[in-house]
1. Looking only at the stretch 11-37, which residues are in contact with a strand residue (DSSP E or B) (Cβ under 9 Å, 6 or more places away or on another chain), open to solvent by less than 40 Å² (accessible area, probe 1.4 Å) and outside any helix (DSSP H, G or I)?
2. Given the condition assigned to a helix (DSSP H, G or I), closer than 21 Å to A5 by Cβ and among the β-branched types (V, I, T), answer yes or no: does some residue in the stretch 136-159 qualify?
3. Contact list please: Cβ distance under 6 Å, first residue in the stretch 116-128 and farther than 10 Å from L86 by Cα, second residue open to solvent by 60 Å² or more (accessible area, probe 1.4 Å), pairs at least six apart or on different chains.
4. For the stretch 69-109, enumerate the residues that are closer than 18 Å to V134 by Cβ and in contact with a Leu (Cβ under 6 Å, 6 or more places away or on another chain).
5. I'm trying to understand the selection: among the residues of the stretch 56-111, which are at pLDDT 95 or above, part of a helix (DSSP H, G or I) and over 18 Å from A30 (Cα atoms)?
6. Please state which of the following conditions G53 fails to meet, knowing it meets all the rest: (1) assigned to a helix (DSSP H, G or I); (2) more than 18 Å from K118 (Cβ to Cβ); (3) open to solvent by 70 Å² or more (accessible area, probe 1.4 Å); (4) without any contact (Cβ under 8 Å) to a residue 40 or more places away in the chain.
7. Criterion first (open to solvent by less than 60 Å² (accessible area, probe 1.4 Å) and within 30 Å of P158 (Cβ to Cβ)) does G89 satisfy it?
Amino acid sequence: MTFEAVIFDLDGTLIDTESIAIASGQAAFAQLGHAVEADLLHQLIGKDIHSGGLILRGLFPNLDMSALDTAWNAEARALQAKGIPLKPGVHELLDTLNARGLPKAIATSSRRSGAANKLAISELDRRFDIVITVDDVTQAKPAAEPYLLAAEKLGASPSR
């Protein structure tokens, strides 16, 4: 089979943001008077904001989610500003795909502003034709909608 395009996840696949998410989450919870273990925050990795919010509301029903979101985003931006490491082999893989003429997209559970910021900091923003975020779909990953939309925008058949 010949592929027509390649669609990547962003966090944890191209960029190593898990450690930043855990550290910034712990700092944000601490600002609101809650000490949380990294294990709890690992449960949120890869989840869209709505799904993660449901988990947190179940555990902390009286938590000010807006304040948590504000603190967490501020902490994450501060840590990300220091740099976001790439996963090993990312540039080599993208160079190979470019040499083969394959268009590339990202389908992420991140919001558009967060994805754009992470792509700019990691200097991957110029390497992708399309970026689909949770803001672009009605059903976030693991639903197929983000991937199907990315394939459509790339002009590629989802089966290829």
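1. L14, I15, T17
2. No, that holds for no residue.
3. From the stretch 116-128, the pairs are L119/D125.
4. A105, I106, T108
5. Of everything in the stretch 56-111, those that are at pLDDT 95 or above, part of a helix (DSSP H, G or I) and over 18 Å from A30 (Cα atoms) turn out to be V90, H91, E92, L93, L94, D95, T96, L97, N98, A99.
6. (3) is the only condition that G53 fails.
7. yes
This table checks each residue for (1) of a type in the set (D, E, K, R); (2) within 30 Å of G155 (Cα to Cα); (3) open to solvent by 60 Å² or more (accessible area, probe 1.4 Å); (4) within 13 Å of the chain's Cα centre (by Cα).
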site	(1), (2), (3), (4)
D39	yes, no, yes, no
P61	no, no, yes, no
S66	no, no, yes, no
I84	no, no, no, yes
T108	no, yes, no, yes
R111	yes, yes, yes, yes
D129	yes, yes, yes, no
A140	no, yes, no, yes
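The values are calculated or read from the model by the stated rules, or taken from the named source; none is laboratory data. Owing to the predicted nature of the structure, the values given are computational and were not obtained by experimental measurement. Every residue, glycine as well, gets a Cβ built from its backbone with ideal geometry; the counts of neighbours run over all protein chains shown. Heavy atoms of the whole protein, side chains included, go into the accessibility calculation; ligands, DNA and RNA do not. Shrake-Rupley method; radii C 1.70, N 1.55, O 1.52, S 1.80 Å.
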